[in-house]
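Participant: Please read through the structure below; I'll follow up with questions.
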Amino acid sequence: MGELSASAEKITVKVKDTNGVEKDKELEIKNLVPRESEFEGTRKICIVELNKMGEDDLRQYMAKYEADSVWELSAKMANFLIDQQRKANTLAKLKGWLPTP
């Protein structure tokens, strides 16, 4: 793979070009570390919205998602929202390919 020291800002990895020849490629570490994942961003939004809810509404959501804490609830809601968005995007792409009845 590559070698990395504690103070390194770059890492060297071996890659193959289109001809199959192995070459060294230098990558900057900042390109390897994600700023914020899709899940983390969605979870933060869920936590903000859950904090705005009244106690009764929060209990209903916790029961619906079978969660024991707001932290667990925010994770389950984030996964649900991400899945729904992916399904909607996939359906939108497929509509152009599917024959109309």
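Participant: Got a sec to turn the phi values of region 83-88 into Karplus ³J(HN,Hα) couplings, 6.51 cos²θ - 1.76 cosθ + 1.60 with θ = phi - 60°, whole Hz, x for Gly and Pro?
Facilitator: Values per residue, Gly and Pro as x: 4, 4, 5, 5, 5, 5 Hz.
Participant: Roughly how many nanometres apart are two label points built 7 Å out from the Cα toward the Cβ at GLU22 and LEU81?
Facilitator: 4.5 nm
Taken together, the values in this text are just the output of simple stated rules run on the coordinates, not laboratory data. Computed from a predicted structure; not experimentally measured. Cβ coordinates were reconstructed from backbone atoms using ideal geometry, including for glycine residues, and neighbour counts include every protein chain displayed.
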